[in-house]
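A.B. asks: Okay, here's the structure, questions in a sec.
Every read-out reported here was derived from the displayed coordinates using simple, explicitly stated rules and does not represent laboratory data. None of the values given here were measured: they were computed from a predicted structure. Positions of Cβ are backbone-derived with ideal geometry, glycine not excepted, and every protein chain shown enters the neighbour counts.
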Amino acid sequence: MPIRRRRLLTSAAAGLGAASVGPFVIRDLRAQDVLKIAGIHDTSGGLDIYGKQMVATMDLAVSEINAKGGLLGKQVKLINYDPQSNIQFYTQYATEAATKEKVAVVHGGITSASREAIRPLLKRFNTLYFYNTLYEGGVCDRNIFCTGSTPAQTVEKLMSYVMKKWGKKVYTIAADYNYGQITAKWIKKYTQDNGGEVVATDFFPLDVTDFGPTIKKIQAAKPDLILAPLVGAAHISFYRQWAAAGMNKQIPLASTTFGNEVVITSPEEHNGIHVVFGYLEGINTPENKAFVETIHTKYNIPHMTELAAMTYHGVHLWAEGVRKANSIDRMKVIEALESGLTFAGPAGKTTLDAKTHHNILDVYIGEAKDKKFVVLEKFPVQTPADTAAVCDLKKNPNDNKQYVIDVKT
């Protein structure tokens, strides 16, 4: 079946071939023989550099589950939607997945805006939701599990590392939406905690591509280092213009979001950039090596980011919840997931925290080198302390909001 632009449909056992750009093979599975789940990830538009690999790893996880007999005696059928980096399509497809397809769970969303567009819908329709993307923290809702890292797990470790290496004066350039704005506050906090100063912070809408004036401002400010929580295809222009101006040889740069961009940019543009994530391809474990080999060869995806790895972890964690609950009943699965379930995979061991519904995970600092990331340091078992400061679903199971965490600076 050829792919339609707005909706991708595949069984979990079907290979993606060339990720999400080739035809899908559909097995003839009768409706009563399958458990349906949905993925809502951008495979077109400005966020497709993240979405395509998330589709691939979700398919891989479901394929592995089905190869071992499926769940509850049934095969798992994966329905993939492409919202084209458009919030309107997110709400449309979440509604369709919950009401028409009656899926057991939705995995999806990349930006915080997309998550907050569909989170209340899925709660209203009593459909379990997994958000597998690193984000700014603070979501407190019993119907959602957030498997990606948050700033308290990553930014603290990165700022300490790069400031010891490069200096105390920091210039921040960030995406102009929730993630970028809140992460910039954490950067300021941890810069000050390490005896430094943020000399300036600039925010950019996701469609901005001209960073010339900003580069001039940075040159005038003369910081010791740049922190760049930029997001999306348009913002790749910064790294290219930074290198073209020769600034990558003068002022070092670190980022909380520079992931798949390592494939799109050249070594001359990215070598030396430091990053921090809950997953890096360079993790030297048998589980990760097998994962990377499969994704590269079966799906023709050249590079995996935290978003892709945590999507894989998220699907397997959900499956563990179903097995423990012996049911796809939403509340039974939630209670099983709250029991401290873990999954050991390419990112290491991840554990769902019952109070926050966020992941306890390992964090890795890496350096971009010739289209790959070299792991520089690992920080095991990092808790989501930022979200834990505002969210306790054990005490307040009816909580249903994203808290804006008060970052003291």
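A.B. asks: Give me the dipole magnitude in Debye, nearest 20, for the range 151-277 about the Cα centre, with unit charges on the beta carbon: positive for Lys and Arg, negative for Asp and Glu.
C.D. replies: Its charge dipole is roughly 460 debye.
A.B. asks: If I model a spin label at ALA344 and THR99 as a point 7 Å from the Cα along the Cα→Cβ vector, what separation in nanometres do I get?
C.D. replies: Placing both labels 7 Å along Cα→Cβ, they lie 4.5 nm apart.
A.B. asks: Between the range 98-174 and the range 208-278, what's the alpha-carbon centroid distance in Å?
C.D. replies: Taking the Cα centre of each part, the range 98-174 and the range 208-278 sit 23 Å apart.
A.B. asks: Could you give each residue of the range 150-158 its phi-based ³J(HN,Hα) in whole Hz, using Karplus coefficients 6.51, -1.76, 1.60 with θ = phi - 60°, and x for Gly or Pro?
C.D. replies: Whole-Hz 3J(HN,Hα) from phi for the range 150-158: 10, x, 5, 7, 10, 5, 4, 5, 5.
A.B. asks: Turning to a different aspect of this structure: Need the list of aspartates and glutamates near LYS372 for cross-linking: C-alpha distance under 15 angstrom, and skip anything on the same chain fewer than eight residues off.
C.D. replies: Qualifying aspartates and glutamates at Cα under 15 Å: GLU261, GLU268, GLU269, GLU281, GLU293, GLU306.
A.B. asks: Starting at the first residue of the range 204-209, write each ³J(HN,Hα) from the Karplus equation 6.51 cos²θ - 1.76 cosθ + 1.60 with θ = phi - 60°, in whole Hz, x for Gly and Pro.
C.D. replies: 9, x, 5, 9, 6, 10
A.B. asks: Right, next: Give me the Kirkwood hydrodynamic radius of the range 151-277, using the inverse of the mean 1/r over all pairs of distinct Cα atoms, in Å to one decimal.
C.D. replies: 14.2
A.B. asks: Excluding SER112 itself, calculate the net charge of residues whose Cβ lies under 11 Å from the Cβ of SER112, where each Lys or Arg counts +1 and each Asp or Glu counts -1.
C.D. replies: Every neighbour counted, the sum reads 0.
A.B. asks: Taking the alpha-carbon distance from LYS324 and a cut-off under 15 Å, which aspartates and glutamates remain once sequence neighbours fewer than 8 residues away in the same chain are dropped?
C.D. replies: Cα-Cα hits under 15 Å: GLU335, GLU338.
A.B. asks: Write down the Å³ per residue value for the convex hull defined by the alpha carbon atoms of the range 313-409.
C.D. replies: About 139 Å³ per residue, rounded to a whole number.
A.B. asks: Under a GNM of the chain (C-alpha, springs under 10 Å), which listed residue has the highest mean-square fluctuation: THR150, THR387, THR95?
C.D. replies: THR95
A.B. asks: Let me ask something else. Could you tell me which Cys residues in the chain have no other cysteine's Cβ under 4.7 Å from their own Cβ, answering none if every one has a partner?
C.D. replies: Lacking a cysteine Cβ partner under 4.7 Å: CYS146.
A.B. asks: A further question on this structure: What lysines does LYS408 reach when the alpha-carbon gap must be under 21 Å and sequence neighbours fewer than 8 apart in one chain are set aside?
C.D. replies: LYS157, LYS168, LYS169, LYS185, LYS188, LYS189
A.B. asks: Non-local amide H neighbours of LYS168 (under 5 Å, H modeled in plane, Pro and chain starts lacking H): which ones?
C.D. replies: none
A.B. asks: Right, another one. Less than 14 Å Cβ to Cβ from THR342, Lys/Arg counted +1 and Asp/Glu -1: what total charge do the surrounding residues give?
C.D. replies: Charge balance in the 14 Å sphere: -2.
A.B. asks: Same structure, new question: With Cβ to Cβ distances under 10 Å as the rule, what net charge do the other residues near ASP392 carry (K, R +1; D, E -1)?
C.D. replies: +2
A.B. asks: Could you pull out every residue, at least 5 positions away or on a different chain, whose amide H is within less than 5 Å of the one on VAL139? Hs are placed 1.01 Å off N in the peptide plane, and Pro or chain starts have none.
C.D. replies: Under 5 Å from the amide H of VAL139 lie the amide H atoms of TYR403, each far enough along the sequence or on another chain.
A.B. asks: Relative contact order of the range 151-277: what whole-number percent is it, with Cα pairs under 8 angstrom and at least 6 residues apart?
C.D. replies: 28
A.B. asks: Tell me the Kirkwood radius of the chain: reciprocal of the mean inverse pair distance over distinct alpha-carbon atoms, in Å.
C.D. replies: Every distinct Cα pair counted, the radius reaches 21.3 Å.
A.B. asks: Moving on. Would you calculate a helix-derived [θ] at 222 nm for the chain, using -39,500 (n - 2.57) for each DSSP H run of n ≥ 4 and dividing by the full residue count, to the nearest 500?
C.D. replies: Calculated at 222 nm, the ellipticity per residue is -11500 deg cm²/dmol.
A.B. asks: Test of understanding: what is the full-extension gain from GLU197 to ILE264, defined as 0.36 nm times their sequence separation minus their Cα-Cα distance?
C.D. replies: 21.0 nm
A.B. asks: Also, I was wondering about something else. Once you've got the GNM for the chain with C-alpha springs shorter than 10 Å, pick whichever of ASP353, ASP399, ASP362 has the biggest mean-square fluctuation.
C.D. replies: Checking each option, the largest mean-square fluctuation is seen for ASP399.
A.B. asks: Which whole-Hz ³J(HN,Hα) couplings does the range 308-322 yield from phi under the Karplus relation 6.51 cos²θ - 1.76 cosθ + 1.60, θ = phi - 60°, glycine and proline marked x?
C.D. replies: My calculation for the range 308-322 gives 5, 5, 6, 5, 4, 4, x, 5, 5, 5, 4, 4, 4, x, 5 Hz in order.
A.B. asks: Suppose every Lys and Arg Cβ carries +1 and every Asp and Glu Cβ carries -1, with no other charges. What dipole size does the chain come out with about its Cα centre, to the nearest 20 debye?
C.D. replies: So the dipole magnitude of the chain works out to roughly 480 debye.
A.B. asks: For TYR279, list long-range residues whose amide hydrogen, built 1.01 Å from N in the peptide plane, is under 5 Å from its own amide hydrogen.
C.D. replies: GLU306, TYR364
A.B. asks: Follow-up. Can you tell me the length gained on complete extension of the stretch LYS217 to LYS378, counting 0.36 nm per residue apart and subtracting the Cα distance?
C.D. replies: Between LYS217 and LYS378, full extension yields 54.6 nm more.
A.B. asks: Next question. When a/c is below 1.5 the answer is rounded, else prolate if a/b is larger than b/c, else oblate, so apply that to the range 65-128 with a ≥ b ≥ c taken from the square roots of the Cα gyration tensor eigenvalues.
C.D. replies: Because a/c hits 1.5 or more and a/b exceeds b/c, the range 65-128 counts as prolate.
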